[in-house]
1. Averaged per residue, what accessible surface does the chain expose to a 1.4 Å probe, in Å²?
2. Whenever you get a sec, line up 66, 39 from highest to lowest accessible area (probe 1.4 Å, protein heavy atoms).
3. For the chain, take the longest principal axis of its alpha carbons; what is the angle in degrees between that and the long axis of helix 55-66, to the nearest 10 within 0 to 90?
4. Suppose only helical runs count, i.e. DSSP H with n ≥ 4. What mean residue ellipticity at 222 nm does that imply for the chain under -39500 (n - 2.57) per run, divided by all residues and rounded to the nearest 500 deg cm²/dmol?
5. Among [x] 12.6; [y] 11.8; [z] 13.2, only one was calculated for this model; which label is it, if the read-out is Kirkwood radius over Cα pairs in Å?
6. Work out from phi, with θ = phi - 60° and the Karplus expression 6.51 cos²θ - 1.76 cosθ + 1.60, the ³J(HN,Hα) of each residue of the range 19-27, listed in order in whole Hz, and give x for Gly and Pro.
7. Would you work out what percent of the accessible area of the chain, with all protein chains in place, is carbon or sulfur (probe 1.4 Å)?
Amino acid sequence: MTRVLYESANGDVWRLVRDPQSGVAMVEHKPNASSGGRTSLIEIGKFLRAGANGPEHQALLQLIGTLVND
C-alpha cells in the first residue's frame, strides 16, 4: 500500500510506502526521467532532516498532522 505525498510539476513523485524487507514506513522518491528516474527509499526522519522546507516535506508534515486529534 502506498500513498502519494507530492507530485512536482517536473514529474518527480514522493510516496509514503513500507519498505518491502523491514516493513518500516519510508518515503519513496521517483525522480523524473530526465533526472535518471532511479527510485530511492529514505527513512522518514532522515527525509525530514534533509530540508523540511520543500513542498514534499510539507506534504508529509501535513499528513502527520491529520493523525493528531485536537
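1. Dividing the accessible area of the chain by its residue count gives 71 Å².
2. On the way: 66 95, 39 70 Å².
From most accessible down to least: 66, 39.
3. 30
4. Details: 2 runs with 18 residues, N = 70.
One gets -7500 deg cm²/dmol as the mean residue ellipticity at 222 nm.
5. [x]
6. Once θ is set to phi - 60°, the couplings for the range 19-27 become 4, x, 8, 9, x, 6, 5, 9, 9 Hz.
7. Numbers: 2510 of 4960 Å².
Its accessible area is 51 percent carbon and sulfur atoms.
The values are calculated or read from the model by the stated rules, or taken from the named source; none is laboratory data. Predicted model only: the values in this text are computed from it and were never measured. Note: accessible area is taken over every heavy atom of the protein model, side chains too, but ligands, DNA and RNA are not part of it. Shrake-Rupley method; radii C 1.70, N 1.55, O 1.52, S 1.80 Å.
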